Amino acid sequence: MDILKEIAASLERGEDDRVAGLVRQALEERCAPLDILNRGLIAGMDVVGEQFRKREIFLPDVLIAARGMYAGLDLLKPLLAQEGVPSAGRIVLGSVRGDLHDIGKNLVAIMLKGAGFDVLDLGADVPAQRFVDAAQEHGATVIGLSALLTTTMPVMKEVVELVRARGLAGRVKVIVGGAPVSEAWAREIGADAHGYDAANAVERVRALVAAGA
Ligand code: B1M
């Protein structure tokens with residue numbers, strides 16, 4: 001079997017040690033880190049999500065799969081993020097209040113750091129006010145919000161409204177992302193950008209900073 005498919009299959013089976021071993025092997029075989037991420041780890045996690053949706057597997061199985069994802073990500077992290085690049089801008093990032101999903105947000109952080117951004121990662125379950133406080137306190141020009149649940153998406157709107165209420169609109173821009181989040185949602189709530197994956201988030205943040213965020 002193709003090694004990337006093996007990585008996906010191992011992640012689906014919750015074999016975190018084997019996922020790490022296969023990722024190491026794929027790197028030795030000179031697979032590109034981004035291919036390992038997208039066609040191995042994320043492909044496996046997509047299947048897990050679908051099985052969970054159909055109730056073929058349960059929450060503990062998803063948690064075990066997430067462990068496999070992190071085992072692989074730990075090995076890819078240094079290759080996706082180069083250190084020592086001069087800062088391209090400062091961004092405050094986090095998963096919104098009520099949302100504990102942090103794998104995608106962490107990937108966005110890795111890719112942004114790799115592209116030279118100074119990332120202040122507030123973690124998961126972050127209330128609207130903390131994002132805006134942190135941006136003001138640390139002079140960040142972009143706030144990045146991640147949500148994986150339809151029930152937590154409205155917190156993104158709270159952040160946009162708070163940025164406006166504090167008179168920061170235009171100086172602090174808001175980018176939103178996460179599986180249920182769309183360009184249309186970003187427009188509806190008045191966010192400045194939507195990123196559909198981690199690489200796209202980097203492009204969109206670059207454009208926001210270039211436009212004078
Ligand atoms: Co949960 N979960 N989960 N879960 N989980 C989903 C999201 C779900 C779609 C599964 C399903 O039903 N098919 C569903 C949401 C349904 C909905 O709202 N419509 C769901 C549910 C229901 C739940 C619980 C409510 C289950 C329960 O308790 N009954 C619960 C909620 C907990 C909470 O947050 N309060 C829950 C819990 C969990 C775990 C803790 C077990 C675990 C999270 C572990 C962790 O993150 N540390 C988990 C997982 C792993 C998933 C799935 C299977 C995978 C998510 C993931 O990590 N994907 C997920 C199903 C799915 O999405 N296929 C599911 C891989 C990751 C790389 O992709 O996060 O989409 P993603 O990030 C992408 C892009 O979206 C984008 O870039 C990333 C890289 O490409 N992106 C951005 C993300 N953030 C961005 C920000 C940007 C730009 C781009 O700019 C700032």
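The values are calculated or read from the model by the stated rules, or taken from the named source; none is laboratory data. Source: prediction; values computed, not measured. With ideal geometry, Cβ positions are generated from the backbone for all residues, glycine too; neighbour counts draw on all protein chains shown. The protein model used for the area step is the full one, side chains on, heavy atoms only, and it has no ligands, DNA or RNA in it. Shrake-Rupley method; radii C 1.70, N 1.55, O 1.52, S 1.80 Å.
Tabulated data
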| item | result |
| --- | --- |
| Pick from the range 47-59, criterion near the ligand (Cβ under 8 Å from one of its atoms) and open to solvent by less than 100 Å² (accessible area, probe 1.4 Å), ranking: farthest from L79 (Cα to Cα) | F52 |
| Every residue from the range 125-141 that is surrounded by 19 or more Cβ atoms within 10 Å (Cβ to Cβ) and within 15 Å of the chain's Cα centre (by Cα) | V126 |
| Contacts under 8 angstrom Cβ, first residue in the range 160-173 being in the same structural domain as P127 (by TED's automatic domain parsing), partner of a type in the set (D, E, K, R), 6 or more apart | K173/D192 |
| Residue in the range 134-157 that is away from the ligand (no atom under 15 Å from the Cβ) and touching a residue at least 40 places away in the same chain (Cβ under 8 Å) present | yes |
| Residues that are within 16 Å of the ligand (Cβ to nearest atom), within 22 Å of the chain's Cα centre (by Cα) and over 18 Å from A81 (Cα atoms), drawn from the range 12-41 | E12, G14, D16, V19, R39, G40 |
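Quick grid of which residues meet (1) outside the structural domain of L27 (by TED's automatic domain parsing); (2) exposed (fewer than 15 other Cβ atoms within 10 Å of the Cβ); (3) farther than 24 Å from D2 by Cα; (4) touching a helix residue (DSSP H, G or I) at 6+ places or on another chain (Cβ under 8 Å):
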position: N38; (1), (2), (3), (4): no, no, no, no
position: G44; (1), (2), (3), (4): no, no, no, yes
position: M69; (1), (2), (3), (4): no, no, no, yes
position: I103; (1), (2), (3), (4): yes, no, yes, yes
